[in-house]
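What follows is a set of notes on a single structure, which appears directly below.
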Amino acid sequence: MEEFTMIWIIIIVVIVLLILGYVALYNGLQTAKVYTEESWSQIDVQLKRRNDLIPNLVETTKGYAKHEKETFAKVVELRNQMVQLPADAHEEKMEVSNQLSGTLKSIFALAESYPDLKANQEFTKLMEELTNTENKIAYSRQLFNSSAASYNQKLMTFPSNMVAKAHGLEKVNYLEVPAEEKIAPKVSFE
C-alpha cells in the first residue's frame, strides 16, 4: 500500500511540475510579446511628437522659402497620411515615416540656403526638437527590433515553441531600413 501511495505522489509531483513549466513558458512568451508591443508604442509616441512639430516647422519656414511650396505640400501630405493610418498598421506607418524623414531632410537643407532662416530662433529650436525626435525614433526602432528578436527567439526554441503553437502566437516582423537609405552616398572632392 505504501508503495502505491508513493507512486501516486510521484505522478502528482510530475504533473504539477509539468503544469508549472507550461505556465512559466506561457508567461515568458506573453512577457516578450508585451515588451514588443510596448516598444512599438514608443515608436508611435515619437511619430506623434514629430507629427505635432511639423506644422510649426512648416509655418516658420514658409515665409523664408516661398518657392519651396512643393516640399511643404509633400511634408504636410505625408504627415496627414501618417495621422490617418490605423494604430495597428505598423509597416505602413514606418513606410510613410521613412518618406517623411527623407522629405524633412530637404527642409533642414533650406537653412543652408537661407541664412536668415538659419538665424531664426524658432526655426533653430524646432530643428533641434525634430532632430532629437528623429534620433528617438531611430532608438525606438532598435528597441522594437531587439524586443521582436527576443520574442521571435522564444517562438522558435524548444519547448516554448510548442506552447506558442498551442496558443497561435505568431512571429513579429522586424522594422527594416528602406533600400534607398542603404546605398552609400557618393563623396567627391573635385
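The values are calculated or read from the model by the stated rules, or taken from the named source; none is laboratory data. Here the structure is a predicted model, which is why all the values come from computation and not from measurement. In this analysis, Cβ positions are derived from the backbone assuming ideal geometry, glycine residues included, and neighbour counts consider all displayed protein chains.
Of the set (1) within 12 Å of the chain's Cα centre (by Cα); (2) among the aliphatic types (A, V, I, L, M); (3) exposed (fewer than 15 other Cβ atoms within 10 Å of the Cβ), all apply to Met94 but (3). Per this entry, Ser160 is counted among residues that are more than 22 Å from His90 (Cα to Cα) and among the polar types (S, T, N, Q). Does Thr60 meet the test of being under 19 Å from the mean Cα position of the chain (by Cα) and at pLDDT below 95? No, not satisfied. A residue that is more than 15 Å from Thr133 (Cα to Cα), crowded, with 16+ Cβ neighbours inside 10 Å, free of Cβ contacts under 8 Å to residues at least 60 places away in the same chain and of a type in the set (D, E, K, R) cannot be found anywhere in the stretch 26-37. Restricting attention to the stretch 63-110, and to residues there that are outside any helix (DSSP H, G or I) and modelled with pLDDT under 85, which single residue is nearest to Asp52 (Cα to Cα)? Here the answer is Ala87.
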